[in-house]
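Quick one: structure below, then a few questions.
The values are calculated or read from the model by the stated rules, or taken from the named source; none is laboratory data. What you are looking at is a predicted structure, and each value in this text was computed from that prediction instead of being measured. Because the Cβ atoms are built from the backbone with ideal geometry, glycine has one as well, and the counts that use them run over all protein chains shown.
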Amino acid sequence: MKHLMTLPAMLLVLCGPLAAAGDEPAATDTRALDEEIQSIKTDAIALNRDLSILEEELLFPANTQVAVFLSMDVGDFFALDSVELRLDDKQVTKHLYTPREAEALLKGGVQRLYLGNLKVGNHEIVALFTGKGPNGQDYSRGASLKFEKSIGAKYLELKISDRQARRQPEFEIRDWE
Amino acid sequence: MLATLLLAAVASGAQPYRLLGSAAPDFTLKATSGTNLRLAEYRGQVVMLAFWGSNCGQCGDQLEAVSRLVDTYGSAGLTALAVNVDDNVAAAARFAAAHPVGYPMLLDPQKQVARAYRVDNLPMLLLVDRSGTIRWAARDYKRDSDVGYQEQVRVLLDE
């Protein structure tokens, strides 16, 4: 009986280190595989970023590129709902803002609203803003700017801010020289 | 898993929906409540997209079936967006008021979203998985459709 009880114990003592030694390489292999997968993921993200930049450079070359950005400052007198953008009397984009997007803008985010191409010369941009005004009523305002596109990228900014003195929102288009 | 769902779609008898397995086109639409909603903001949840029109006989029943599923599985990560494709927004709002559901009713009078999703029949129901891929489509609604909807929803919620 004594022998019967000691035999399993001896087997356990003998086989224990063997089993542990067998698990260790497996764990190392899994860790190495995880690291390899992570490395491939990082490479894929970097490649995707490079391709996006390349695509943008090809579709919107610097000499014809025009980009329009939108920013909001304060926003006590205006809750943004949508922006319609017209370039040379042609609608180029219309964006509806979700509460989260509007909040992101109020926190200082800047949105690239439009990216396109324009030939060298004089152009006009018109932006139509809709939303809720100072007393919660429907509010719609427009802003326009005549600008000259020369060789090189053109950057324009639509800026919504509060005019405290008049307790009204203010809409302007700025040309980033 | 994707292959199984694709086969299931084919086995249902309808011509396979062409956008199965592809990324769900993102959109922002105005809801009948006045809020703007964007599909991309639901990433991480299983989304049921129900396209409907106020002149469609089965649409009300399907919207109610989807509402029941959202009630049951909402806490597990299921959400639904109903997209109305009527030209007449007022008619859509009236229909929505008469069929209250526990999820947003979006308005697509220009049919830009319906075109992007190649909606060719009403009602039409799509299931978008947590990573934003269209995984299942149903182009009609029958009384016994609920069981099939539930099975597909559970498959995607379990992933």
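Just name the residue that is modelled with the lowest pLDDT out of those in segment B:10-34 that are away from chain A (no Cβ under 14 Å) and buried (at least 20 other Cβ atoms within 10 Å of the Cβ).
Once the filter is applied, the top-ranked residue is B:Tyr17.
Which count do you get for residues in segment B:130-153 that are within 20 Å of B:Ala23 (Cα to Cα) and assigned to a helix (DSSP H, G or I)?
The total comes to 2.
Does B:Leu49 qualify as being crowded, with 19+ Cβ neighbours inside 10 Å, more than 14 Å from every other protein chain (Cβ to nearest Cβ) and assigned to a helix (DSSP H, G or I)? Before the answer, list the steps.
Values: crowded, with 19+ Cβ neighbours inside 10 Å: yes; more than 14 Å from every other protein chain (Cβ to nearest Cβ): yes; assigned to a helix (DSSP H, G or I): no.
No.
How many residues does segment A:78-94 hold that are farther than 16 Å from A:Ile125 by Cα and either within 13 Å of chain B (Cβ to nearest Cβ) or loosely packed, with under 14 Cβ neighbours inside 10 Å (or both)?
Step one: filter segment A:78-94 for residues farther than 16 Å from A:Ile125 by Cα, giving A:78-82.
Of the ones still in play, those that are also either within 13 Å of chain B (Cβ to nearest Cβ) or loosely packed, with under 14 Cβ neighbours inside 10 Å (or both) are A:79-82.
Summing the residues that are farther than 16 Å from A:Ile125 by Cα and either within 13 Å of chain B (Cβ to nearest Cβ) or loosely packed, with under 14 Cβ neighbours inside 10 Å (or both) in segment A:78-94 gives 4.
Another one. What single numbered condition from (1) outside any strand (DSSP E or B); (2) surrounded by 14 or more Cβ atoms within 10 Å (Cβ to Cβ); (3) within 14 Å of chain A (Cβ to nearest Cβ); (4) under 16 Å from the mean Cα position of the chain (by Cα) fails to hold for B:Leu37?
(1)
Hey, could you check segment A:101-121 for residues that are farther than 18 Å from A:Ala67 by Cβ and exposed (fewer than 13 other Cβ atoms within 10 Å of the Cβ) and say which is nearest to the other protein chains (Cβ to nearest Cβ)?
Here the residue is A:Lys107.
Please verify whether segment B:82-97 includes one or more residues that are of a type in the set (D, E, K, R), out of contact with any strand residue (DSSP E or B) (no Cβ under 6 Å at 6 or more places or on another chain) and modelled with pLDDT under 90. Before the answer, list the steps.
As a first pass, look at segment B:82-97 and keep what is of a type in the set (D, E, K, R): B:86-87, B:94.
Then drop every residue that is not out of contact with any strand residue (DSSP E or B) (no Cβ under 6 Å at 6 or more places or on another chain), which leaves B:86-87, B:94.
Remaining after also requiring modelled with pLDDT under 90: B:94.
Scanning segment B:82-97, I find at least one residue that is of a type in the set (D, E, K, R), out of contact with any strand residue (DSSP E or B) (no Cβ under 6 Å at 6 or more places or on another chain) and modelled with pLDDT under 90, so the answer is yes.
Pick out the one residue from A:Arg100, A:Arg112 that is in contact with a Phe, Trp or Tyr (Cβ under 7 Å, 6 or more places away or on another chain) and in the same structural domain as A:Glu157 (by TED's automatic domain parsing).
Being in contact with a Phe, Trp or Tyr (Cβ under 7 Å, 6 or more places away or on another chain) and in the same structural domain as A:Glu157 (by TED's automatic domain parsing) holds for just one of A:Arg100, A:Arg112, which is A:Arg112.
Only one of (1) without any contact (Cβ under 8 Å) to a residue 12 or more places away in the chain; (2) buried (at least 16 other Cβ atoms within 10 Å of the Cβ) is not met by B:Gly57, so which one is it?
(2)
Same structure again: Scan segment B:102-137 for residues that are within 24 Å of A:Thr98 (Cα to Cα), in contact with a strand residue (DSSP E or B) (Cβ under 7 Å, 6 or more places away or on another chain) and among the aliphatic types (A, V, I, L, M) and jot them down.
Listed by number, the residues that qualify are B:Met105, B:Leu106, B:Leu107, B:Val113, B:Ala114, B:Leu125, B:Leu126, B:Leu127, B:Val128, B:Ile134.
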